Structure formats: structure tokens, C-alpha cells
Amino acid sequence: MFQISSFLPASLRQPASLREALLAGKALQAGKFQNKGFTLLEVVIAVFFVTVSMGGVFTVIQKSFDIISISGSRLVAANLAQEGIEVVRNIRDTNWLEGENWDTGLSAGEWEVQYDDGDGDLTLWSDPGMYLNIDANGFYSYGAGDQTRFKRKIIISDELDGSKKIIVDIMWKERGGKEYTYTAQGMLYDWK
């Protein structure tokens, strides 16, 4: 006997039994769900990877801002340290011009000084030191102005050859309380 159903595709053939009909229906339904979209597990994995990636991006951005802040503070500290050395040199040069001994007022010890001090004297450093202030014109001093995060300590020591070693430490704290120190040094000699 000849059957027409053998020439039809499988999707158009009628099932021979109820069991085959149920299995064909489940297969079609499974195919529908499989092609419709993402499963819950796929969505959870995708959200996890996006969250981890964004966390990494935010961490890199935060670290970049921290590095920029530290770099700016180091630049200010370098200039404050250089100014400290120049103020001590200025005291030496003023001593020469006034006919005094070149190292008058430059005894060994730990000191604070500001550029526009007027009398050119060093002030004894008292731990933990005073914060420098910045005025409306951008000048740093211990006088009027807004307090900065910078402290300046000048260390003068006598060398065996009669010269003086000048070390200037600039100390400050960044966000989070991490302490930084920038150090510069120079030598003073009795020569004109």
C-alpha cells in the first residue's frame, strides 16, 4: 500500500500516536523558547561582566585623579623647597652686604622661614611645625591667608670644611591621610 505521508516533510506529517504528538509539541515549544531570547542565567552573567568592567573603569578614573592631585602637590612642594633654600642664601648674601660674618643667624638646627620675613631671621622649628598659609596673591607665608596642607622645615648643619649643608623638607597629607615628604638640599660656602 502506498502512503502519501512518506513524501511530506516531517513537520506536516500527522503523528501515528498520541505519544508522538505530545513529543512533537514539546519539541516545537522548546524550539520556540530557545530562539526567543536570553535565559535568566545568560542575563545574570552579562550583568556580572558589565558590573566588573564598570568597576574597573571607575577604579582607573579614581586612581588617575589621585595621581593628578599628588603631581600637583609635588610641584608646589618642589617650589616651596627651592624657595626655602633661596631664603637661606638670601640671609647669607644680606650678611655679606651688611659686613657681617657670612653665617650670622645660620646656626645648626631645625628652622622655619618665609620669604617676606623682613628681618631675615630663622624661626626655631617646633614639632609638628606650622602650616604655611597662602594669601590672595598666591604667596605662601606663616601670616595671613588660607591654611594649606604644606609644612616647611629647614635643617642647617655644619660641615667639616666650614660650609653649611641646607636640607629643606616639605611635608603634606593627601586625601585619605597619606603623608608625603619632598626634600631638597643645597650647600652654602663663604665666597663672594
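Every read-out reported here was derived from the displayed coordinates using simple, explicitly stated rules and does not represent laboratory data. These numbers were taken from a predicted model, which means no experiment stands behind them. All Cβ positions, glycine included, derive from the backbone under ideal geometry; neighbour counts span all protein chains shown.
Which of Ile91, Ile45, Ile170 comes first, and how do the rest follow, when ranked by fewest Cβ neighbours within 10 Å? Let's see the in-between values first.
Details: Ile91 21, Ile45 12, Ile170 25.
Going from least to most buried by this count: Ile45, Ile91, Ile170.
The alpha-carbon atoms of segment 44-188, seen along their principal axes, cover 82, 37, 24 angstrom, with the largest extent given first.
The HN-Hα couplings worked out from phi for segment 142-153 by the Karplus form 6.51 cos²θ - 1.76 cosθ + 1.60 (θ = phi - 60°) are 9, x, 5, x, 8, 5, 9, 9, 9, 10, 10, 10 Hz, whole numbers, x standing for Gly and Pro. By the beta-carbon count within 10 Å of each Cβ, the least crowded to most crowded order of Arg89, Arg152, fewest first, is Arg89, Arg152. Phi angles across segment 71-84 convert, under the Karplus curve 6.51 cos²θ - 1.76 cosθ + 1.60 with θ = phi - 60°, into 3J(HN,Hα) values of 4, x, 5, 5, 5, 4, 4, 4, 5, 5, 5, 4, 4, x Hz, Gly and Pro given as x. Scanning residues 5 or more positions from Tyr142 or on other chains, those with amide H under 5 Å from its amide H are Asn133, with H placed 1.01 Å from N in the peptide plane. A simple packing score, the average count of other Cβ atoms within 10 Å per residue, orders the peptides 182-191, 104-113 as 104-113, 182-191, with the highest score first. Placing +1 on the Cβ of every Lys and Arg and -1 on the Cβ of every Asp and Glu, with nothing else charged, gives segment 44-188 a dipole about its Cα centre of roughly 1060 debye.
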